[in-house]
1. Using a simple charge model, +1 on the beta-carbon of Lys and Arg, -1 on the beta-carbon of Asp and Glu, nothing else, what dipole does the chain show about its Cα centre, in debye to the nearest 20?
2. So which lysines can K244 reach, going by Cα to Cα under 26 Å and dropping same-chain residues fewer than 8 places off?
3. Expressed as a whole number of Å, what is the distance separating the alpha-carbon centroids of the range 105-130 and the range 152-193?
4. For the range 31-41, take each phi angle, set θ = phi - 60°, evaluate the Karplus expression 6.51 cos²θ - 1.76 cosθ + 1.60, and give the result in whole Hz per residue in order, putting x for glycine and proline.
5. Where does the chain land at 222 nm, in deg cm²/dmol rounded to the nearest 500, when only DSSP H runs of n ≥ 4 count, each adding -39500 (n - 2.57), divided by all residues?
6. Match the structure shown to one of the listed values [x] 201; [y] 131; [z] 185 of volume of the Cα convex hull per residue in Å³, computed from it, and give that label.
7. Under 5 Å between amide hydrogens, which residues at least 5 positions from V188 or on another chain qualify, with H placed 1.01 Å from N in the peptide plane?
8. Considering amide H positions built from the backbone, and no H for Pro or chain starts, which residues 5 or more places from V202, or on another chain, come under 5 Å of its amide H?
Amino acid sequence: MLSAVGLSLVTTVESTCLFSGAGVNEFQNFNGSKITLSKDHLSAECKGMAIKTTLTPGSSAAQGSYTVSLTGGKNIHAEFTFQFNNAGYKLGPKGRFYMGNTSLTAGSPDGREQNYIRHVFVPSATVSGTVTVNGTQYNLAGTGLFIHAQSDMKPYTVSQKWNFGYFVGEDVALHMLQLITPEKYGNVWVNKGAMSEGGKVVAVTDQSRITMLETQRDSETGYDVGSLVEFGWKGQTVDGKPFKAQITLRPSNLAKKLDILGAVPFFLRKIIQALITKPYIYEWADQAVATVQIGDEPERTIEGKLYHEATFLN
């Protein structure tokens, strides 16, 4: 006997947020549906989340602002604005790194526009707004980093280990994103990083590295997590001067150890579980000290805060 079965596909939007401050570490994940886009596709809205883009007349999106509203979660509600202070940057053709390459600046190795990851960064945005965590409201006023990430590949086929760091201190911000490609693609280290000062991009580099000087086995997950970590930036400034910066620290404030399978809907969890055994993200929010030197200028020591992540997708 045959019967007709109706099948419908619904687009869902998954939003995650982490609040760390005032002695509080709170993580939240929620799903929305029925997403609608503006005519220019720069603004979006769905149940529980909205992003509104406001452009400066005659400018690009990076010279305007994004206002983000998160209302779909139980413990965290937020509304804040990212006011961009620079046009941002990207490394590689169209901001892409193509699998099979050893250089960020190389084009597609086989001439086909596929098997890539793309990142566009806008550092040192001015952030303002409010966030309410478990009924307590906090004012937001500071500096933020915007990253637009895109890929035509599944995350676990890009890399099984990702690291990220974002430091803000005084008028200086440093960030880098690092991954190692799978053996199939040559175990290539991919790193994209930059320094900004006074809201302006000062240096962009692909020569930086996050190094685990010491590790400690997490008995719950079986992963070797960095217990002494070095973030090292080096390269040239936009005006051609040699540039280097370094942060070395022992991670102490683990804001969240996220079991990815436990944070996604059941159906999606079963799909992921068939491909990745134990995906975890470790997120820290630590006090840190950065040393920075540009050209022949004296080395500077800058105190600030470092948000950093280690992601395992084995």
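1. Values: 28 positive and 27 negative charges, 179 e Å.
Around 860 debye, computed over the chain.
2. Within the straight-line cut-off, K244 pairs with K90, K94, K161, K192, K200, K234, K305.
3. Using only Cα atoms, the two centres lie 11 Å from each other.
4. 10, x, 8, 6, 6, 10, 10, 6, 4, 8, 6
5. Value at 222 nm, helices only, nearest 500: -1000 deg cm²/dmol.
6. Of the listed options [x] 201; [y] 131; [z] 185, [z] comes from this structure.
7. Here T181 satisfy the definition.
8. Amide H neighbours of V202: M195, S196, E197.
Rule-based calculations on the coordinates, nothing more; no lab input. Computed from a prediction, not measured in an experiment: that's the story for all the values here. Using ideal geometry, Cβ is built from the backbone for each residue, glycine included, and neighbour counts are taken over all protein chains shown.
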